[in-house]
Each structure stands twice: as structure tokens, then as C-alpha cells.
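Working notes, beginning with the structure itself.
The values are calculated or read from the model by the stated rules, or taken from the named source; none is laboratory data. Keep in mind that what you see is a predicted model, and the values were worked out from it rather than measured. Positions of Cβ are generated from backbone atoms using ideal geometry, with glycine treated the same way; all protein chains shown enter the neighbour counts. Surface accessibility is based on the protein's heavy atoms, side chains included, excluding ligands, DNA and RNA. Shrake-Rupley method; radii C 1.70, N 1.55, O 1.52, S 1.80 Å.
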Amino acid sequence: MPLRRTTLNREAYRALRQAILGRKIPPGQKLVVRVLAEELGLSPTPVKEALSALEREGLVVAVPHRGYFVLEPTLEDVREIYTLREVLEGLAARLAVEHGGRGLLRKLERLFARQAQAAEAGDLEAYGDLDLAFHRTLWEAAGSRRLLAIAETMDGQIRLLIGSSAAIPGRLLQSRAEHQAVLDTVRARDPEGAEAAMRAHVRNAGRALELFLSGKGQA
């Protein structure tokens with residue numbers, strides 16, 4: 001269905017970002033402006049501007065004389081992103097505990113309980129969504145608009161590779177235990193402990209993803 005002709009640049013950006021992260025447009029695929037404009041019912045201009053925004057976000061790459069392509073991250077990209085994520089999310093967890101109050105704990109407890117239900121049902125898609133919600137709750141509670149924007153950008157790049165690291169065989173139970181450790185530090189109102197627990201969680205997720213991708217030869 002063609003998009004409503006309001007805030008066209010933003011609508012084009014959202015539609016393309018959702019298609020990329022939902023793997024409807026897979027990593028490595030060329031993005032042809034004319035074709036995308038026809039599919040979205042738009043002129044080429046908002047599509048070009050949306051692709052430029054996605055390039056700045058790191059989800060799209062512009063190759064001279066060839067056009068735009070969906071990012072196809074390498075193992076080196078994974079290492080770099082997770083090194084940065086470890087620092088950023090550790091900081092977010094510490095600031096969230098310092099600023100979040102009791103409301104933060106209640107939100108995290110509800111998400112953690114829903115994660116348990118998704119895990120028991122074997123619903124990895126739901127678990128992945130709840131995993132992102134758990135992390136996002138901490139990003140938002142940190143009280144830094146810039147931190148939130150950077151965290152979302154890095155998360156988007158990782159989701160190009162895999163919907164959730166919990167989909168890696170054997171990773172889900174470990175992820176649950178690591179979330180429990182983070183939750184315990186929030187409950188204890190321990191900012192330094194929260195930072196350490198979150199850094200360990202992100203570091204372990206990065207190592208698992210790197211091994212998984214190396215074994216499958218996807219990067």
C-alpha cells in the first residue's frame with residue numbers, strides 16, 4: 001500500500017529500516033532508488049534522503065558508481081560493534097541504576113518474567129523482542145538522549161546479522177542468567193555492579209555471535 005504523502009522522508013526511512021532489520025531486504029542486496037520509490041508510492045527524492053540517513057546510521061553503504069547496498073557486516077565489524085556496545089551499555093546500566101528509581105525495577109521484572117514465558121514456549125522471536133525491550137528500558141532510564149541514539153544504531157547493525165543472540169544454540173539459558181545478574185544489581189541499587197554485569201553480558205553475547213558466524217561462514 002502506498003505511503004500517505006505526509007512526512008515522506010521520515011515514512012520512507014521507517015519503511016526501509018523496518019524492511020532491512022526484518023530481513024525482507026537481506027544484507028548485501030542492492031537498493032535501487034527507482035524500484036523502491038515505485039514500491040513505496042513515492043518520488044525518488046524522499047527515498048534517496050532515507051537511504052542517506054540509513055547510510056549515516058550504518059545500515060546501508062554507498063559504493064561509488066554502483067549505488068546503495070544493505071550493509072553486510074564482517075567479523076571485524078562484529079568485534080568493533082560489541083567492543084563499543086560493552087562500554088556503552090555498561091555505562092547505561094550504571095546511569096539507569098543511579099537515576100531510574102523503583103519504577104525501573106518493576107519494568108525490568110515484568111520484562112524478565114515475560115522472557116521466561118517466551119523461553120519456555122520456545123518463541124525466539126518474542127524472546128528477541130523482549131531482550132531488546134530489556135536493554136532499551138535501561139538505555140531510556142540512563143537519561144541520555146545521545147546514549148539512546150547510539151545504542152539503537154549499534155543494535156540495528158547487529159540485528160542485520162541475527163534477530164537475537166538468543167537464537168544461537170545454547171545461548172538462551174546463558175542470556176537469561178546474565179539478565180538475572182543485571183536485575184539483581186538493579187534490585188540492590190548497585191550502579192558499579194550493574195555496569196559490570198551488563199558489560200559481562202554484552203561481552204559474552206559478542207563472543208557467542210562471533211563464534212556462531214565463524215562456524216556458519218556467514219561473515
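At a glance:
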{"item": "Matching residues, segment 110-139, being open to solvent by 30 Å² or more (accessible area, probe 1.4 Å), modelled with pLDDT of 95 or more and more than 17 Å from residue 173 (Cα to Cα)", "result": "110"}
{"item": "Positions within segment 90-103 being over 20 Å from the mean Cα position of the chain (by Cα) and touching a residue at least 60 places away in the same chain (Cβ under 8 Å), in sequence order", "result": "97, 98, 100"}
{"item": "Members of segment 135-148 found to be of a type outside the set (Lys, Arg) and assigned to a helix (DSSP H, G or I), listed by number", "result": "135, 137, 138, 139, 140, 141, 147, 148"}
{"item": "Which listed residue is open to solvent by 50 Å² or more (accessible area, probe 1.4 Å), in contact (Cβ under 8 Å) with a residue 40 or more places away in the chain, not acidic (Asp, Glu) and not in a loop (DSSP other than H, G, I, E, B), from 177, 151, 196", "result": "196"}
{"item": "Answer residue from segment 44-80, given it is in contact with a helix residue (DSSP H, G or I) (Cβ under 6 Å, 6 or more places away or on another chain) and of a type in the set (Gly, Ala, Ser) and is least open to solvent (accessible area, probe 1.4 Å) among those", "result": "50"}
{"item": "Per-region count, segment 16-32, residues open to solvent by 30 Å² or more (accessible area, probe 1.4 Å) and among the aliphatic types (A, V, I, L, M)", "result": "2"}
{"item": "Residue in segment 90-104 that is more than 20 Å from residue 133 (Cβ to Cβ) and either at pLDDT 90 or above or open to solvent by 30 Å² or more (accessible area, probe 1.4 Å) (or both) present", "result": "yes"}
{"item": "Filter result for the condition that a residue is under 15 Å from residue 198 (Cβ atoms) and touching a residue at least 12 places away in the same chain (Cβ under 8 Å), over 87, 78", "result": "87"}
{"item": "Unmet requirement for residue 37, which otherwise passes all of (1) surrounded by 15 or more Cβ atoms within 10 Å (Cβ to Cβ); (2) of a type outside the set (Lys, Arg); (3) more than 30 Å from residue 128 (Cβ to Cβ); (4) in contact with a Leu (Cβ under 8 Å, 6 or more places away or on another chain)", "result": "(4)"}
{"item": "Failed item, numbered, when residue 188 is tested on (1) at pLDDT below 85; (2) surrounded by fewer than 17 Cβ atoms within 10 Å (Cβ to Cβ)", "result": "(1)"}
{"item": "For residue 13: the one exception among (1) of a type in the set (Ser, Thr, Tyr); (2) over 30 Å from residue 142 (Cα atoms); (3) open to solvent by 60 Å² or more (accessible area, probe 1.4 Å)", "result": "(2)"}
